[in-house]
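One structure is given here, and the rest of the page talks about it.
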Amino acid sequence: MKNSKSAQDSAVEMSELVLPNDVNLLNNLKGGRLMHWIDIAAAITASRHSNHIVATVAIDNLIFKHPVHLGEMVKLMASLESVGNTSMNIKVTVWAENLQTGKVIQTNEAHLVFVALDDDGKPTPVPRLRND
Ligand SMILES: CC(C)(COP(=O)(O)OP(=O)(O)OC[C@H]1O[C@@H](n2cnc3c(N)ncnc32)[C@H](O)[C@@H]1OP(=O)(O)O)[C@@H](O)C(=O)NCCC(=O)NCCS
């Protein structure tokens with residue numbers, strides 16, 4: 001395991017297209033579907049940083065600022081904000097892009113905590129977060 005890594009080393013950009021199965025009766029993206037994508041993007045970041053299987057231990061904050069509509073593209077950017085001994089704090093920012101007009105708006109922001117797990121499912125240390 002490396003002693004330290006930068007936030008850029010594990011940052012993740014993920015894109016999804018909002019399809020009919022992803023929306024509610026108003027044709028807006030379902031909150032639960034977005035939470036799933038946020039969890040996946042953050043989990044990849046945590047795994048990339050720790051090089052371990054990770055578990056979500058907390059979703060501290062999730063703000064829905066604007067609805068996302070059927071047919072729009074969702075872009076999620078996940079990056080490490082800080083690390084503890086075995087835990088990692090990750091921020092996920094979400095944008096919606098209208099593919100017909102090109103208009104992009106930030107729709108969500110979330111903060112999650114993940115823990116790296118060893119082969120026995122016990123918390124295990126993660127690399128320090130280097131500022132560079
Ligand atoms: C992840 C898990 C194994 C950790 O076990 P635990 O007994 O809480 O372990 P610890 O008390 O040693 O805590 C481990 C780290 O998590 C942090 N942590 C635990 N609960 C937390 C919470 N609610 N919020 C923020 N951090 C938390 C601790 O501060 C510690 O951080 P540090 O090592 O950086 O100091 C256990 O909580 C678990 O299995 N949770 C369920 C996970 C799950 O099913 N997630 C959904 C699917 S992925």
Given (1) more than 16 Å from the ligand (Cβ to nearest atom); (2) surrounded by 13 or more Cβ atoms within 10 Å (Cβ to Cβ); (3) under 26 Å from Asn21 (Cα atoms); (4) of a type in the set (Gly, Ala, Ser), number of the condition Gly102 does not satisfy: (2)
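Got a number for residues in the range 37-48 being of a type outside the set (A, V, I, L, M, F, W, C) and within 9 Å of the chain's Cα centre (by Cα)?
Going through the range 37-48 one residue at a time, the tally reaches 2.
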Within the range 26-38, does at least one residue satisfy the condition of being touching a residue at least 12 places away in the same chain (Cβ under 8 Å) and closer than 17 Å to Arg130 by Cα? no
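Conditions (1) closer than 19 Å to Lys30 by Cβ; (2) within 13 Å of the chain's Cα centre (by Cα), marked per residue:
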{"site": "Asp60", "(1), (2)": "no, yes"}
{"site": "Met77", "(1), (2)": "no, yes"}
{"site": "Lys91", "(1), (2)": "no, yes"}
{"site": "Trp95", "(1), (2)": "yes, yes"}
{"site": "Asn98", "(1), (2)": "yes, no"}
{"site": "Lys103", "(1), (2)": "no, no"}
{"site": "Glu109", "(1), (2)": "yes, yes"}
Could you list, ordered by first residue, the pairs with Cβ atoms under 6 Å in which the first is in the range 78-91 and within 10 Å of Ala42 (Cα to Cα) and the second is at pLDDT below 95 and surrounded by 13 or more Cβ atoms within 10 Å (Cβ to Cβ), at least 6 apart or interchain? none
Can you find, within the range 79-90, the residue that is nearest to the ligand (Cβ to nearest atom) among those that are over 13 Å from Asp60 (Cβ atoms) and assigned to a strand (DSSP E or B)? Val83
Kindly provide the set of residues from the range 97-132 that are assigned to a loop (DSSP other than H, G, I, E, B) and acidic (Asp, Glu), ordered by number. Asp118, Asp119, Asp120, Asp132
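May I ask you to say which residue of Thr124, Thr93 is closer than 21 Å to Asp9 by Cα, out of contact with any helix residue (DSSP H, G or I) (no Cβ under 6 Å at 6 or more places or on another chain), within 16 Å of the ligand (Cβ to nearest atom) and at pLDDT 95 or above? Give the steps one after another, and end with the answer.
On the way: Thr93 fails: within 16 Å of the ligand (Cβ to nearest atom).
Checking each option against the conditions leaves just Thr124.
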Identity of the residue in the range 55-78, surrounded by 20 or more Cβ atoms within 10 Å (Cβ to Cβ) and in a loop (DSSP other than H, G, I, E, B), that ends up farthest from the ligand (Cβ to nearest atom): Glu72
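The values are calculated or read from the model by the stated rules, or taken from the named source; none is laboratory data. Keep in mind that what you see is a predicted model, and the values were worked out from it rather than measured. Note that we place each Cβ from the backbone using ideal geometry, even for glycine, and neighbour counts take in every protein chain shown.
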